[in-house]
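Data first, discussion second: the structure below is written as structure tokens.
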Amino acid sequence: AWKKHSAQGFKTKEEFQDETVRHIETSLARSLFNCDELAAYSGASLAFRDRLIIEWNKTQQRQTFAGQKRVYYFSLEFLMGRALDNAMLNVGLKDVARDGLSELGFRIEDVISQEHDAALGNGGLGRLAACFLDSMATMNYPAWGYALRYKYGIFKQEIVDGYQVEIPDYWLDFNPWEFPRHDITVDIQFYGSVNKHQNEDGKTLSVWEGGEIVQAVAYDAPIPGYETSTTNNLRLWSSKASSGEFDFQKFNAGEYEGSVADQQRAETISAVLYPNDNLDRGKELRLKQQYFWCAASLFDIVRRFKKTKKPWSAFPDQVAIQLNDTHPTLAIVELQRILIDLEGLEWDDAWHIVVNTFGYTNHTVMPEALEKWSVPLLQHLLPRHLLIIYDINMKFLQMVEKQFPKDRDLLGRVSIIEESQPKMVRMAFLATIGSHKVNGVAELHSDLVKTTILKDFVKIYGPDKFTNVTNGITPRRWLHQANPRLSELIASKVGSYEFLKDLTLLNKLEHYVDDKDFKKEWQDIKYANKVRLAQHIMNTTGVKVNPKALFDIQVKRIHEYKRQQLNILGVIHRYLTIKAMSAEERKKLAPRVSIFGGKAAPGYWMAKTIIHLVCSVGEVVNNDKDVGDLLKVIYIEDYNVSKAEIITPASDISEHISTAGTEASGTSNMKFVLNGGLIIGTCDGANIEITREIGENNIFLFGNLAEDVEDLRHAHTYGKFQLDEDLKKVFDAIKGGLFGDAGHFSALCNSIVDHGDYYLVSDDFNSYVKTHALVDEAYKDQDEWVSKCITSVSRMGFFSSDRCIQEYADMIWNVEPLPPKP
Ligand code: 26M
């Protein structure tokens with residue numbers, strides 16, 4: 001007769017203090033006399049954690065009893081950032097915690113900033129997954145995230161002498177937010193061979209035998225919703241040698257080193273997040289990660305389904321799995337394998353279940369980012385899965401052949417197997433064939449998916465299988481948490497904080513576009529946010545920037561397609577222009593701070609060169625007495641989620657300037673506008689829909705259109721390439737050594753001048769520079785500028801990730817929310 005524990009968690013400042021102190025003294029075994037900020041963080045986190053656990057348990061029980069369909073979001077990346085601040089706000093006790101900590105002698109900001117970011121992602125794709133978790137919990141959807149528990153997240157970036165240096169990100173030292181579930185383990189098989197066996201009914205079965213076993217151990221993290229007790233689960237798998245694998249034979253025979261080596265090899269699977277973003281390199285360990293994670297997650301889901309005792313045909317009514325890009329595509333093959341090899345279903349029945357279970361989200365149409373795995377590698381690592389892929393392909397091609405007889409070209413084009421040397425498995429095709437819906441992440445991108453990489457599949461399946469869900473961001477983290485003063489000001493005008501749950505309520509702000517006092521407060525808040533960023537820049541780079549200057553920010557992964565090179569070349573042009581001006585002319589110029597931030601993939605030389613150029617330009621410009629405050633160039637080291645929370649609210653203008661047709665959506669564009677900054681951008685990704693929502697007078701668009709890119713590239717290759725005149729002067733300055741050894745930058749310059757300018761930097765340069773001149777002009781009229789910012793914010797409701805989740809739930813998952821009982 002166990003008595004049920006009935007903890008409720010603290011409510012008041014005093015109770016919070018009691019709990020925090022208790023944890024410091026007992027859980028951490030520390031004395032209050034030498035309690036530093038880290039101890040305060042740890043104690044406060046454990047206090048909040050207790051609160052979350054109670055709701056988390058209740059939510060999971062409620063979801064199990066309700067027996068309705070759940071969503072499983074499969075993503076190799078969840079770029080969560082910090083958890084404590086988010087937990088405080090979502091639970092609604094941040095003010096209580098602030099007062100409580102203050103009495104104990106701590107500033108809440110200092111305590112919060114002790115936390116290490118959970119940086120299990122590269123960039124947009126990983127952060128999108130994190131925003132989706134927040135929205136799914138807030139909207140009470142029964143939903144789990146599944147991922148890997150990397151020991152090392154995305155590397156920490158240091159800038160040393162103007163170069164990027166990568167430092168391993170070991171983040172698990174003290175992590176109160178995860179719970180090891182040593183009782184929840186799955187054995188995962190690799191290698192081996194496939195043999196035919198007959199079962200009792202004389203049916204031939206394929207049996208996957210031999211090879212090696214690695215164990216997956218579950219670690220869970222609670223995902224609290226905002227102003228709801230729903231607390232969902234993020235399950236991360238960690239790899240370790242299975243007990244059978246830690247070879248006691250070897251051990252006893254004195255081969256201690258050998259047995260430890262086996263163990264390390266197993267642990268390598270979940271050791272490190274691959275730091276590439278939009279580039280596929282086909283490494284075996286990456287494939288192992290993908291299978292390990294998919295197989296463990298599916299085993300877990302199937303185990304849960306079996307407990308319901310429902311027939312297999314009910315599986316898609318209980319389970320919706322969303323594939324975040326092609327990284328989890330093997331889950332499709334694994335579920336088919338479970339159903340036919342282990343559960344004995346007929347192929348067609350099994351395949352029907354599989355297709356109705358999965359949805360696939362595409363995040364790129366760029367060829368170098370599309371995943372392909374070599375057939376020999378799959379044959380070696382996952383022999384049974386390769387056979388199933390061949391069968392899926394055969395049945396698919398037979399279906400196509402029936403529909404389009406004698407179109408041999410078509411069969412070759414849509415085959416999952418690319419007939420290259422070696423043969424390759426095209427994962428986007430497999431994901432498309434194995435899912436009931438395929439979506440892109442912004443309207444233009446979804447159109448490009450349908451007209452380029454998956455064109456033939458639209459012909460085969462019809463247009464209804466393909467859809468769009470434009471990305472969004474969570475307003476809780478990206479407005480309320482990152483910009484509390486703006487959030488409070490908005491709440492004071494629209495009547496409540498309800499807009500944090502229904503972002504379209506922001507439209508009530510439009511009444512205040514001409515309200516003098518409101519505008520003044522708005523400006524004050526922006527200024528304070530700029531002062532805070534200026535302080536951060538001072539502390540980290542030693543460069544003093546004037547918070548009254550126009551802050552022009554581009555922070556995102558460094559990539560040629562995102563065109564940080566266009567930005568820095570534009571900055572050099574500005575510098576040369578300033579140098580050529582008279583003192584009188586200079587007085588009329590609006591002072592600017594050009595701020596860059598972002599990581600380059602460690603093997604991406606061109607991206608690293610771009611960083612080096614930005615830093616080199618900064619060295620020269622920032623120390624030029626002629627220029628003073630008129631121009632400063634800053635590289636912010638180690639851009640990550642928690643830095644973004646400081647940077648985003650501080651922009652006057654931000655740059656989203658990818659070559660048209662290359663940036664699937666972009667999400668930082670949404671964050672910046674939501675925080676009262678304007679943007680300069682190309683007609684690409686979500687910029688187009690942002691323009692439609694906020695109005696074209698409130699955005700600075702420039703550059704060629706996606707539909708013209710192909711022709712322009714074609715023209716380059718056939719000698720019709722004329723380097724922009726102003727850009728030529730910029731290159732002359734670089735070549736003349738103005739920014740140090742010109743040799744460092746020759747490959748970068750040549751990619752534009754001699755090697756076809758694939759990203760159309762020269763084609764867009766003139767339009768870019770002119771548009772920046774318009775920005776300068778517009779900024780001089782502060783009154784009008786602030787009106788534009790307010791209007792824009794009031795029209796950003798569409799870009800909440802809550803709206804995305806609603807669309808996924810209705811169009812793709814067919815799931816209902818499960819609100820807590822009042
Ligand atoms: C692939 C193979 C091997 C190792 C790593 C990868 C890989 C990792 C991350 C490939 C792509 C990855 O992320 C791509 C990404 O972040 N895409 C972005 O997704 C955002 C959310 O939809 C969009 O807003 C961005 O436009 C898009 O670039």
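The values are calculated or read from the model by the stated rules, or taken from the named source; none is laboratory data. For clarity, every value in this text was computed on a predicted model and none was experimentally measured. Cβ atoms come from the backbone with ideal geometry, glycine included; neighbour counts cover every protein chain shown.
If I ask for residues that are more than 9 Å from the ligand (Cβ to nearest atom) and either within 21 Å of TRP171 (Cα to Cα) or surrounded by fewer than 18 Cβ atoms within 10 Å (Cβ to Cβ) (or both), which ones from region 267-287 would you list? Before you say what the answer is, go through the steps one by one.
In the first step, residues of region 267-287 are kept if they are more than 9 Å from the ligand (Cβ to nearest atom); the result is 267-272, 284-285, 287.
If the condition is that a residue be more than 9 Å from the ligand (Cβ to nearest atom) and either within 21 Å of TRP171 (Cα to Cα) or surrounded by fewer than 18 Cβ atoms within 10 Å (Cβ to Cβ) (or both), then GLU267, THR268, ILE269, SER270, ALA271, VAL272, GLU284, LEU285 are the ones that fit.
Looking at (1) closer than 30 Å to ASN766 by Cα; (2) assigned to a helix (DSSP H, G or I), find the lone condition where ILE553 falls short.
Tallying (1) closer than 30 Å to ASN766 by Cα; (2) assigned to a helix (DSSP H, G or I), ILE553 fails exactly one: (2).
Please list, ordered by first then second residue, the pairs with beta carbon atoms under 7 Å, 6 or more apart or interchain, first in region 380-391 and closer than 14 Å to PRO422 by Cβ, second among the polar types (S, T, N, Q).
LEU386/GLN379
Could you list, ordered by first residue, the pairs with Cβ atoms under 7 Å in which the first is in region 643-659 and touching a residue at least 60 places away in the same chain (Cβ under 8 Å) and the second is among the basic types (Lys, Arg) and within 16 Å of the ligand (Cβ to nearest atom), at least 6 apart or interchain?
Listed by first residue and then by second, the contacts come to THR648/LYS671; ILE657/ARG563; SER658/LYS562; SER658/ARG563; THR659/ARG563.
Would you check if ILE392 is assigned by TED's automatic domain parsing to the domain that holds MET366 and either more than 19 Å from HIS352 (Cβ to Cβ) or in contact with a Lys or Arg (Cβ under 6 Å, 6 or more places away or on another chain) (or both)? Steps first, please.
On the way: assigned by TED's automatic domain parsing to the domain that holds MET366: yes; either more than 19 Å from HIS352 (Cβ to Cβ) or in contact with a Lys or Arg (Cβ under 6 Å, 6 or more places away or on another chain) (or both): no.
Answer is no for this residue.
Check whether at least one residue in region 738-749 is within 29 Å of the chain's Cα centre (by Cα) and among the hydrophobic types (A, V, I, L, M, F, W, C), and report yes or no.
Residues of region 738-749 that are within 29 Å of the chain's Cα centre (by Cα), as a first pass: 748.
Still in the list and also among the hydrophobic types (A, V, I, L, M, F, W, C): 748.
Yes, region 738-749 contains at least one residue that is within 29 Å of the chain's Cα centre (by Cα) and among the hydrophobic types (A, V, I, L, M, F, W, C).
Taking only pairs six or more apart or across chains, which ones have beta-carbon atoms under 9 Å, a first residue in region 577-597 that is in the same structural domain as ILE647 (by TED's automatic domain parsing), and a second residue that is part of a strand (DSSP E or B) and aromatic (Phe, Trp, Tyr)?
Pairs that qualify, where the first residue is in the same structural domain as ILE647 (by TED's automatic domain parsing) and the partner is part of a strand (DSSP E or B) and aromatic (Phe, Trp, Tyr), are ARG592/PHE551; VAL593/PHE551; SER594/PHE551; ILE595/PHE551; ILE595/TYR635; PHE596/TYR635; GLY597/TYR635.
Would you pick out the residues in region 363-385 that are closer than 30 Å to HIS197 by Cβ and either within 13 Å of the ligand (Cβ to nearest atom) or part of a loop (DSSP other than H, G, I, E, B) (or both)? Give the steps one after another, and end with the answer.
To start, the set of residues in region 363-385 that are closer than 30 Å to HIS197 by Cβ comprises 373-385.
TRP373, LEU382 - these are the residues of region 363-385 that are closer than 30 Å to HIS197 by Cβ and either within 13 Å of the ligand (Cβ to nearest atom) or part of a loop (DSSP other than H, G, I, E, B) (or both).
Rundown of residues vs (1) assigned by TED's automatic domain parsing to the domain that holds VAL593; (2) touching a Gly at 6+ places or on another chain (Cβ under 9 Å); (3) charged (D, E, K, R), yes/no style:
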site: HIS772; (1), (2), (3): yes, yes, no
site: LYS780; (1), (2), (3): yes, no, yes
site: ILE790; (1), (2), (3): yes, yes, no
site: SER794; (1), (2), (3): yes, no, no
site: PRO820; (1), (2), (3): no, no, no
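Write out, first by first residue and then by second, each pair whose Cβ atoms fall under 9 Å of each other, whose residues are 6+ apart or on separate chains, and whose first residue, in region 281-304, is closer than 16 Å to VAL375 by Cα and assigned by TED's automatic domain parsing to the domain that holds TYR73 while the second is among the basic types (Lys, Arg) and within 12 Å of the ligand (Cβ to nearest atom).
Taking only residues 6 or more apart or on different chains, the pairs are GLY282/LYS372.
In the list GLN336, GLN322, GLN290, GLN264, which residue meets the criterion of being within 21 Å of the chain's Cα centre (by Cα) and either surrounded by fewer than 22 Cβ atoms within 10 Å (Cβ to Cβ) or not in a strand (DSSP E or B) (or both)?
Numbers: GLN336 fails: within 21 Å of the chain's Cα centre (by Cα); GLN322 fails: either surrounded by fewer than 22 Cβ atoms within 10 Å (Cβ to Cβ) or not in a strand (DSSP E or B) (or both); GLN264 fails: within 21 Å of the chain's Cα centre (by Cα).
Being within 21 Å of the chain's Cα centre (by Cα) and either surrounded by fewer than 22 Cβ atoms within 10 Å (Cβ to Cβ) or not in a strand (DSSP E or B) (or both) holds for just one of GLN336, GLN322, GLN290, GLN264, which is GLN290.
Write out, first by first residue and then by second, each pair whose Cβ atoms fall under 7 Å of each other, whose residues are 6+ apart or on separate chains, and whose first residue, in region 232-248, is at pLDDT 95 or above while the second is surrounded by fewer than 16 Cβ atoms within 10 Å (Cβ to Cβ).
Listed pairs, sorted by first residue: SER239/GLU267; LYS240/GLU267.
For (1) within 16 Å of the ligand (Cβ to nearest atom); (2) under 23 Å from ALA778 (Cβ atoms); (3) in contact (Cβ under 8 Å) with a residue 12 or more places away in the chain, each residue gets a yes or a no:
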position: GLU488; (1), (2), (3): no, no, no
position: GLN523; (1), (2), (3): no, yes, yes
position: GLN535; (1), (2), (3): no, no, no
position: THR540; (1), (2), (3): no, no, yes
position: PRO547; (1), (2), (3): no, yes, yes
position: ASP552; (1), (2), (3): no, yes, yes
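When residues of region 301-358 are filtered for being within 24 Å of ASP280 (Cα to Cα) and of a type in the set (Val, Ile, Thr), how many remain?
Looking only at region 301-358, we keep the residues that are within 24 Å of ASP280 (Cα to Cα), and these are 321-334, 358.
If we keep only those that are of a type in the set (Val, Ile, Thr) as well, we get 321, 326, 329, 332-333.
Residues in region 301-358 being within 24 Å of ASP280 (Cα to Cα) and of a type in the set (Val, Ile, Thr): 5 in total.
Please specify each residue of region 116-134 satisfying the condition of being outside any helix (DSSP H, G or I) and of a type in the set (D, E, K, R). Show your work before the answer.
Restricting attention to region 116-134, the residues satisfying the condition of being outside any helix (DSSP H, G or I) are 116-123.
Of everything in region 116-134, just one residue is outside any helix (DSSP H, G or I) and of a type in the set (D, E, K, R), namely ASP117.
So TYR639 fits all but one of (1) closer than 19 Å to PHE596 by Cβ; (2) more than 26 Å from the chain's Cα centre (by Cα); (3) surrounded by fewer than 24 Cβ atoms within 10 Å (Cβ to Cβ); what number is the exception?
Going through (1) closer than 19 Å to PHE596 by Cβ; (2) more than 26 Å from the chain's Cα centre (by Cα); (3) surrounded by fewer than 24 Cβ atoms within 10 Å (Cβ to Cβ) one by one, TYR639 breaks only (2).
Among the listed residues GLY703, GLY756, GLY797, which satisfies the condition of being modelled with pLDDT under 95 and under 33 Å from the mean Cα position of the chain (by Cα)? Let's see the steps before the verdict.
On the way: GLY703 fails: modelled with pLDDT under 95; GLY797 fails: modelled with pLDDT under 95.
None of the other options fit; the residue is GLY756.
What pairs come up if the first residue lies in region 397-418 and is among the polar types (S, T, N, Q), the second is at pLDDT 95 or above and part of a helix (DSSP H, G or I), and their beta carbons are under 7 Å apart, counting only those six or more places apart or on different chains?
Matching pairs, first to second residue: GLN403/ILE460; SER415/ASN393; SER415/LEU397.
Identify, by number, the condition in (1) out of contact with any Cys (no Cβ under 6 Å at 6 or more places or on another chain); (2) of a type in the set (Gly, Ala, Ser); (3) within 25 Å of ASN640 (Cα to Cα) that GLY495 doesn't meet.
Only one criterion is unmet by GLY495, namely (3).
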